Amino acid sequence: MLLALIVWVGGIIFFAFVEAPTLFLVLPTTRMAGDVVSVSLTKLHWMGLVSGVIFLICSLAYNQLKHARLKAFSASHILIVLMLLLTAYSQFSIMPRMRQLRADVEAVDRLPGSGSRLEFDRLHEWSTRLEGGVLFLGVGVVILTARRF
């Protein structure tokens, strides 16, 4: 349960504060950095989705063994489900649209006023908000889980 939570929340922290900013500093073009970030974010989302399911299964099993009931609607379970929903929405709704916009426009970073660029920026903003929301909820789950033990 703890490992699943650490993988997910730790991955978001590493991605947001180390990987993404570093890529945009060291790679020669924004396009290349965006390509790497897209692949990395997809992997992070899948890690999160798998980790969330593992956390729920382990937590429910723990509750059944320790308290003889599942406590399906505990605060940590509700937060994990919200994290899963936000991650899934980002992965399966926002990311495909961003990829499509990047494919449609030869160099997104060179078209500051284009409609495609504005739409890409809007989606990027939402993607960032969702990741921040998942991180915020994840910190809440960390606190609740730490109190549990």
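The values are calculated or read from the model by the stated rules, or taken from the named source; none is laboratory data. Just so it is clear, the structure is predicted and the values come from calculations on it, not from any experiment. Methodologically, a virtual Cβ is constructed for each residue, glycine included, from the backbone with ideal geometry; neighbour enumeration extends over all protein chains shown. SASA here: full protein model, heavy atoms, side chains in, ligands and nucleic acids out. Shrake-Rupley method; radii C 1.70, N 1.55, O 1.52, S 1.80 Å.
Between F92, F24, F14, the distinction of being open to solvent by 50 Å² or more (accessible area, probe 1.4 Å), within 16 Å of V139 (Cβ to Cβ), in a helix (DSSP H, G or I) and free of Cβ contacts under 8 Å to residues at least 24 places away in the same chain belongs to F14 only.
Just so you know, in the stretch 57-70 the residues that are touching a residue at least 12 places away in the same chain (Cβ under 8 Å) and open to solvent by 30 Å² or more (accessible area, probe 1.4 Å) include one that is nearest to the chain's Cα centre (by Cα), and it is C58.
Matching residues to (1) within 25 Å of L3 (Cα to Cα); (2) touching a Gly at 6+ places or on another chain (Cβ under 9 Å); (3) modelled with pLDDT of 90 or more:
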| residue | (1), (2), (3) |
| --- | --- |
| L111 | no, no, no |
| S116 | no, no, no |
| R122 | no, no, yes |
| F136 | yes, no, yes |
| V139 | yes, no, yes |
| V142 | yes, no, yes |
| A146 | yes, no, yes |
| F149 | yes, no, no |
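Return yes when T87 is in a helix (DSSP H, G or I), more than 18 Å from L137 (Cα to Cα), open to solvent by less than 40 Å² (accessible area, probe 1.4 Å) and at pLDDT 95 or above and no when it is not. It is false that T87 is in a helix (DSSP H, G or I), more than 18 Å from L137 (Cα to Cα), open to solvent by less than 40 Å² (accessible area, probe 1.4 Å) and at pLDDT 95 or above.
Residue-level check: of (1) exposed (fewer than 15 other Cβ atoms within 10 Å of the Cβ); (2) not in a helix (DSSP H, G or I), V139 misses just (2).
When L130, L101 are screened for being within 20 Å of T42 (Cα to Cα), at pLDDT below 95 and crowded, with 17+ Cβ neighbours inside 10 Å, only L101 passes.
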